[in-house]
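Enquirer: Below is one structure. I have some questions about it.
The numbers here are math on the coordinates, done by the rules we state, and not lab data. Only a predicted model underlies this, so the values are computations on that prediction, with no experimental measurement involved. Cβ sites come from the backbone with ideal geometry, for glycine too, and all protein chains shown count toward neighbours.
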Amino acid sequence: MSVPPLRLIDGALLDAVSADARSRPRRRANHNFHPADDFPAHRLLNAIEPDSYLPPHRHLDPLKDESILVLRGELGVLRFDDAGRVVETWRLVAGGERFGVDIAHGTWHTVVALCPGTVIFEAKSGPYRPLLDAEKAPWAPAEGEATAAAYWQSLHALFAPA
């Protein structure tokens, strides 16, 4: 696979990834810059719509720290303890005072898009591997479960204006 020597990240690309996310049932879409899932460094855009539910999880591999920068929109980041209690929240805003986070491996976390068209840049080590059972939060509903919508709403409510 031939990779172009330079690829611009611009408004047109963010628009395209956002449109792709809006068209998908899970309401999110990736645009990978790494050439394959087995590549050692993963760099990608992730467009997330506000009605997309990403179940809380952690990455146990010590090489799987994860960095996120908000390029467009707003993102809520949540950190949980081992019992599923929210211990920290951050609102990240593109161009704002806080616009990125670095998440250490082993940290229970999730993100929620707080406005339509939210796009983040993500970087973490590869290769891609599906989450292990020990990396999925046992206290949170899985995507598609009957209680997932109510749980997702409770996470969003933590970012509601006062």
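Enquirer: Just the residues that are in a loop (DSSP other than H, G, I, E, B) and of a type in the set (A, V, I, L, M, F, W, C), please, taken from the range 150-162.
Expert: Leu158, Phe159, Ala160, Ala162
Enquirer: Here is a further query. Counting just the residues of the range 29-50 that are in contact with a helix residue (DSSP H, G or I) (Cβ under 9 Å, 6 or more places away or on another chain) and without any contact (Cβ under 8 Å) to a residue 40 or more places away in the chain, which one comes out surrounded by the most Cβ atoms within 10 Å (Cβ to Cβ)?
Expert: Among those that are in contact with a helix residue (DSSP H, G or I) (Cβ under 9 Å, 6 or more places away or on another chain) and without any contact (Cβ under 8 Å) to a residue 40 or more places away in the chain, it is Ala29.
Enquirer: Right, next: Which of the residues that make up the range 54-77 are touching a residue at least 40 places away in the same chain (Cβ under 8 Å) and touching a Phe, Trp or Tyr at 6+ places or on another chain (Cβ under 8 Å)?
Expert: Across the range 54-77, the qualifying residues are Pro56, His57, Arg58, Ile68, Leu69, Val70, Leu71, Gly76.
Enquirer: So which strands (runs of 3 or more DSSP E) are wholly in the range 1-98 and hold at least 3 residues that are closer than 18 Å to Ser154 by Cα?
Expert: Output list reads 74-80, 86-93.
The rows are residues; the columns are (1) among the small types (Gly, Ala, Ser); (2) more than 18 Å from the chain's Cα centre (by Cα).
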site	(1), (2)
Pro4	no, yes
Arg7	no, yes
Gly11	yes, yes
Asp15	no, no
Ala29	yes, no
Pro40	no, yes
Leu44	no, no
Pro50	no, no
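Enquirer: Working only within the range 104-149, note down all residues that are small (Gly, Ala, Ser), farther than 14 Å from Glu66 by Cα and assigned to a loop (DSSP other than H, G, I, E, B).
Expert: Within the range 104-149, Gly117, Ala137, Ala140, Ala142, Gly144, Ala146 meet the criteria.
Enquirer: Filter the range 102-150 for residues that are surrounded by fewer than 16 Cβ atoms within 10 Å (Cβ to Cβ) and among the aromatic types (Phe, Trp, Tyr); which is farthest from Ser18 (Cα to Cα)?
Expert: Trp139
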